[in-house]
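J.: First, the structure itself, so that you have it in front of you.
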Amino acid sequence: MAHDKIKRGALVVVEGLDRAGKSSQCELLYRSLLDMNYKTEYIRFPDRSTPIGKQIDSYLRGQSQLGDHSIHLLFSANRWEVAQSIQDDIAKGITVIVDRYSYSGAVYSAAKGNPNLSLHWAWQPEVGLPRPDLCLFLSISPEEAAKRGGYGVERYETDSMQKRVRDLFLSLLDLPHNDEICVIDAGRPVDEVAQDILEPVLECMKNVDSIGSLKKLA
Ligand code: NYM
Ligand code: MG
């Protein structure tokens, strides 16, 4: 049975723009894996429940002001505070689904246009975090996104920001060390997208032993 072969869990990240359907798809994926009796966890970043997460939440709602570098490092710290527990879960054979990760961290900050905050700078605090075995990028065109209704009221939820975020996401996909990124056309019906996500995830979970132990972002 496929289950018996899985020694460790897989680290699966779902990325994309606001309104790409990440949270709905993570939820569906989580339920599908549980239904198939796989040990599974679902987490999201930012994790707004921790003290650092509360500062991030307040910033995103426009209730507090922070410099671009400070908020960037808080987003990264918010991942570092659960890095060990992710590693522990993976070692126990639990597959961990993550809604947004370091890729969002780097591109949203770099998209702000601060000349002292490049994509390269933004990536550095992510180095050493658990490296995803698979990153699913939910790709949606600006036209399709627009059909899904207005943005929310949080910082970054504007057309100009999302356009820059999209361009930066696409430039990340081109990096040679990012071969674990899989682009999914998210502008289709929910069920079709879910099916397209489930296949590579199951494949990844099956092959995770041959990949060896969990790697670190470089
Ligand atoms: N965001 C998210 C960042 O700017 N940096 C990060 O590291 C992460 C994880 O937070 N617009 C931004 C992207 C979103 C916002 O996320 C809130 P969500 O998934 O919409 O709650
Ligand atoms: Mg959002």
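Read the figures in this text as sums done on the coordinates, not as results from a lab. These figures come from a predicted structure and were not determined experimentally. Methodologically, a virtual Cβ is constructed for each residue, glycine included, from the backbone with ideal geometry; neighbour enumeration extends over all protein chains shown.
J.: In the set Ser118, Ser141, Ser171, which member is under 26 Å from Tyr30 (Cα atoms) and among the small types (Gly, Ala, Ser)?
T.: On the way: Ser118 fails: under 26 Å from Tyr30 (Cα atoms); Ser171 fails: under 26 Å from Tyr30 (Cα atoms).
Ser141 is the lone residue from the list that is under 26 Å from Tyr30 (Cα atoms) and among the small types (Gly, Ala, Ser).
J.: Sticking with this structure for a sec: Check off (1) assigned to a strand (DSSP E or B); (2) in contact (Cβ under 8 Å) with a residue 60 or more places away in the chain for Glu41 and give me the number that stays unchecked.
T.: For Glu41, the failing item is (2).
Rundown of residues vs (1) under 17 Å from His72 (Cα atoms); (2) polar (S, T, N, Q), yes/no style:
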position: Leu119; (1), (2): yes, no
position: Pro130; (1), (2): no, no
position: Cys135; (1), (2): no, no
position: Lys147; (1), (2): no, no
position: Ser160; (1), (2): no, yes
position: Cys182; (1), (2): no, no
position: Ala186; (1), (2): no, no
position: Lys206; (1), (2): no, no
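J.: Among the residues of the stretch 85-98, are any within 11 Å of ligand 1 (Cβ to nearest atom) and closer than 19 Å to Asp18 by Cα? Steps first, please.
T.: Step one: list which residues in the stretch 85-98 are within 11 Å of ligand 1 (Cβ to nearest atom), which gives 98.
Imposing the further condition that a residue be closer than 19 Å to Asp18 by Cα reduces the set to 98.
Yes, the stretch 85-98 has at least one match.
J.: To continue, here is another question. Is it true that Val190 is touching a Leu at 6+ places or on another chain (Cβ under 8 Å), of a type in the set (Val, Ile, Thr), in contact (Cβ under 8 Å) with a residue 40 or more places away in the chain and surrounded by 13 or more Cβ atoms within 10 Å (Cβ to Cβ)? Let's see the steps before the verdict.
T.: Values: touching a Leu at 6+ places or on another chain (Cβ under 8 Å): yes; of a type in the set (Val, Ile, Thr): yes; in contact (Cβ under 8 Å) with a residue 40 or more places away in the chain: yes; surrounded by 13 or more Cβ atoms within 10 Å (Cβ to Cβ): no.
Against the criterion (touching a Leu at 6+ places or on another chain (Cβ under 8 Å), of a type in the set (Val, Ile, Thr), in contact (Cβ under 8 Å) with a residue 40 or more places away in the chain and surrounded by 13 or more Cβ atoms within 10 Å (Cβ to Cβ)), Val190 does not qualify.
J.: Please go through the stretch 11-38 and give me each residue that is without any contact (Cβ under 8 Å) to a residue 40 or more places away in the chain and of a type in the set (D, E, K, R), ordered by number.
T.: Glu27, Arg31, Asp35
J.: So, one more: Condition first: touching a residue at least 40 places away in the same chain (Cβ under 8 Å), surrounded by 13 or more Cβ atoms within 10 Å (Cβ to Cβ), more than 16 Å from ligand 2 (Cβ to nearest atom) and within 16 Å of the chain's Cα centre (by Cα). Can you find one or more residues in the stretch 144-167 that meet it?
T.: No, the stretch 144-167 contains no residue that is touching a residue at least 40 places away in the same chain (Cβ under 8 Å), surrounded by 13 or more Cβ atoms within 10 Å (Cβ to Cβ), more than 16 Å from ligand 2 (Cβ to nearest atom) and within 16 Å of the chain's Cα centre (by Cα).
J.: Would you check which residues across the stretch 59-110 are within 16 Å of ligand 2 (Cβ to nearest atom), small (Gly, Ala, Ser) and touching a Phe, Trp or Tyr at 6+ places or on another chain (Cβ under 6 Å) and list them?
T.: If the condition is that a residue be within 16 Å of ligand 2 (Cβ to nearest atom), small (Gly, Ala, Ser) and touching a Phe, Trp or Tyr at 6+ places or on another chain (Cβ under 6 Å), then Gly105 is the only one that fits.
J.: Here are Ser210, Ser118: which of them is of a type outside the set (Val, Ile, Thr) and farther than 22 Å from Ser102 by Cα? So that I can check it myself, show each step before the final result.
T.: Numbers: Ser118 fails: farther than 22 Å from Ser102 by Cα.
When all the criteria are applied, what remains is Ser210.
J.: Looking at Val165 and the list (1) out of contact with any Leu (no Cβ under 8 Å at 6 or more places or on another chain); (2) under 29 Å from Leu214 (Cα atoms); (3) of a type in the set (Val, Ile, Thr), which single condition is not satisfied?
T.: For Val165, the failing item is (1).
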